[in-house]
Amino acid sequence: MIELLAAAAAHDASAPAISYASRESTYGDLLLAARRTAANLRRAGIERFAIRDPDPHTLVALLGGASLAGVEACIYPPTASPEMVADLAERFDHDVVVSPEPFAGDYSVLDPSKLVAAGEPLEDGAAAPARQPHLVLTTGTTGAPRAVRHDWSRLLARRSDIQATQERWLLGYSLNQFGGLQVLIHTMSSAALLVVAPSFQPADGLAAMRDQAVTHASATPTFWRFVLAEMAADGRGAPSLRQITLGGEAIPSRLLGDLAQAFPDAKITQIYAASEFGAISSVKDRENGLPISVLESKTGVELKVVDGELWARTGTGMLGYYGEPDLEDGSWRATGDLVDVNEGRLHFRGRISEVINVGGVKVHPLPVEERIDTVPGVSALRVFGRASSVAGAIVAVEVVAAPGVDLDELNAAIRTACEDLPPAYRPRSIRFVPEISTIGSKTVRRDLSQENQHG
């Protein structure tokens with residue numbers, strides 16, 4: 001990480017790197033703050049720490065400094081509650097949490113300003129250690145997040161020299177997510193500007209795209225669906241995007257067409273990546289899924305399908321999960337992603353952990369979701385499994401209705417649309433909600449009502 005930041009600063013230290021909260025940091029600013037951070041980490045003898053801070057100026061300086069010092073950093077979700085911070089710190093053995101908030105727990109809280117803004121920096125040109133660990137949390141849309149052990153040398157393995165551009169990228173993921181790290185790495189490799197909205201809510205992202213002349217934006221399919229809904233609601237023109245990137249979830253077929261219609265001048269790229277494997281593949285043909293030719297590639301990441309699940313082999317993925325032994329390089333590993341091979345394409349059907357077991361029948365949420373999404377009056381929805389004493393689980397749906405729609409009529413229309421689905425796939429519970437539950441701009445695939453009842 002520090003090498004990439006230093007290379008961008010060497011190209012043009014005065015170039016703006018991050019825009020957030022009415023403030024811009026240059027690449028030179030970030031490099032100096034990273035060198036201060038490295039010196040302070042070494043003086044304090046800190047070997048591992050967590051970060052709970054929404055400020056990307058601070059986060060990037062901390063990541064660069066940790067990389068230069070050979071210290072393992074781990075970013076917690078920017079809105080993590082005190083209870084979540086305590087839980088994560090306990091699970092992943094973090095004795096130090098860097099945060100401007102005065103959290104209390106069985107760990108020390110260190111104000112980030114004491115690392116990034118105080119004291120003498122390491123000398124210019126100080127060499128980074130061979131080992132530069134970084135810990136990435138999975139999103140946790142289907143359960144508790146896991147911690148993935150990486151090294152910056154692997155995360156940056158496919159990056160070449162700085163190729164400066166005038167791109168202005170919207171950060172649609174938090175930097176605690178692997179997708180956010182990918183956008184950060186790409187932006188710095190281009191010596192470009194990273195635009196960060198006040199929050200990761202689609203409305204704030206849309207406003208940032210419009211107000212800050214964003215040219216490129218990367219986010220989840222869920223995020224983009226809500227952006228389209230916001231645009232339809234406010235009636236204003238679309239941002240002048242040149243590039244739209246989607247990743248992190250299975251992509252509904254209809255969404256690609258909707259984006260192409262709303263942003264006719266933008267290139268649309270689907271990214272397939274994972275916290276465990278890194279960036280795997282990308283396509284720009286506006287067709288859903290990946291071309292089957294990706295199964296024939298022998299360079300970079302290799303892929304194969306085993307019993308409907310995608311497997312991957314790479315030498316630049318994760319080292320392993322926290323608390324577990326290192327994985328063997330070059331070994332085949334299951335990705336957890338379910339795929340169908342159809343008409344020369346690999347179509348993603350969701351995660352194995354999302355499958356709903358209805359009386360022994362394995363139901364994938366995405367086909368049900370795509371069917372309901374065609375019903376007029378459905379603004380947004382999520383399909384998930386709900387426990388049942390009879391069938392083990394049932395298909396449940398939460399729907400955000402368009403303004404002015406009669407809910408009884410919409411309920412009936414949804415059931416009619418699903419009549420020809422196999423019995424196990426038909427929704428047994430339809431509930432209308434004001435908003436869809438998300439984590440990290442991804443749709444939550446578990447029953448949150450059961451969690452609320454139990455604690």
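Starting from 0.36 nm per residue, how many nanometres of slack lie between Ser437 and Asn342 once their C-alpha separation is accounted for?
31.1 nm
Normalised by the number of residues in the stretch 355-453, what is the relative contact order in percent for Cα pairs under 8 Å and 6+ residues apart?
Answer for the stretch 355-453 is 29 percent.
Based on the alpha-carbon gyration tensor of the stretch 49-107 and its eigenvalue square roots a ≥ b ≥ c, which shape applies: rounded if a/c is under 1.5, prolate if not and a/b is larger than b/c, or oblate?
oblate
Applying the Karplus parametrisation 6.51 cos²θ - 1.76 cosθ + 1.60 with θ = phi - 60° to the phi angles of the stretch 99-113, what ³J(HN,Hα) value in whole Hz is obtained for each residue in order, glycine and proline being reported as x?
My calculation for the stretch 99-113 gives 6, x, 8, x, 5, 10, x, 7, 7, 8, 9, 10, 5, x, 4 Hz in order.
Rounded, prolate or oblate: which fits the stretch 355-453, taking a ≥ b ≥ c as square roots of the Cα gyration tensor eigenvalues, rounded meaning a/c under 1.5, else prolate when a/b beats b/c?
Oblate is the answer for the stretch 355-453, as a/c is 1.5 or above yet b/c matches or exceeds a/b.
So in the chain, what percent of DSSP beta bridges are antiparallel if you round to the nearest 5?
60
By how many degrees, 0 to 90 and rounded to 10, does the Cα axis of helix 407-417 deviate from the longest principal axis of the chain?
Long axis of 407-417 versus the principal axis of the chain: about 80 degrees.
Around Ser108, which amide H atoms from residues at least 5 apart in sequence, or from another chain, sit under 5 Å from its own amide H, with H modelled in the peptide plane?
Residues meeting the amide H criterion: Val96, Val97.
What shape does the stretch 212-251 take by its C-alpha gyration tensor, where a ≥ b ≥ c are the square roots of the eigenvalues and a/c under 1.5 counts as rounded, a/b above b/c as prolate, and the rest as oblate?
The shape class here is oblate.
May I ask what percent, to the nearest 5, of DSSP beta bridges between residues of the stretch 197-352 are antiparallel?
70
Could you tell me how many degrees, from 0 to 90 and to the nearest 10, lie between the Cα long axis of helix 56-69 and the main elongation axis, the longest principal axis, of the Cα atoms of the chain?
With both axes taken from Cα atoms, the answer is about 60 degrees.
I'd like the trypsin sites (Lys or Arg not before Pro) in the stretch 183-246 restricted to DSSP loop residues with at most 16 other Cβ atoms within 10 Å, sorted by number.
Counting only loop positions with at most 16 other Cβ atoms within 10 Å, the trypsin sites (Lys or Arg not before Pro) in the stretch 183-246 are Arg236, Arg242.
How large is the dipole of the chain about the Cα centre if only Lys and Arg carry +1 and Asp and Glu carry -1, each at its Cβ, rounded to the nearest 20 debye?
460
How far is helix 178-189 tilted off the main Cα axis of the chain, in degrees rounded to 10, range 0 to 90?
That works out to roughly 50 degrees.
Looking at Ile280, Ala207, Met188, which one has the Cα that reaches farthest to the positive end of the dipole of the chain (charges on Cβ: Lys, Arg +1; Asp, Glu -1)?
Highest projection toward the positive end goes to Ile280.
Run the dipole for the stretch 355-453 about the Cα centre, Lys and Arg Cβ at +1, Asp and Glu Cβ at -1, nothing else charged, and hand back the magnitude in debye, nearest 20.
Its charge dipole is roughly 420 debye.
At a Cα cut-off below 17 Å, give the lysines reachable from Lys267, other chains included and same-chain residues fewer than 8 away excluded.
Here the lysines satisfying the reach criterion relative to Lys267 are Lys284.
Ordered by packing density, taken as the mean number of other Cβ atoms within 10 Å over each peptide's residues, highest first, how do 334-341, 167-174 rank?
Highest mean packing first, the order is 167-174, 334-341.
No value in this document is a laboratory result; all are computed from the given coordinates. Just so it is clear, the model here is predicted, and its values are computed rather than measured. FYI the Cβ positions are ideal-geometry reconstructions off the backbone, even for glycines, and counts take in every protein chain you see.
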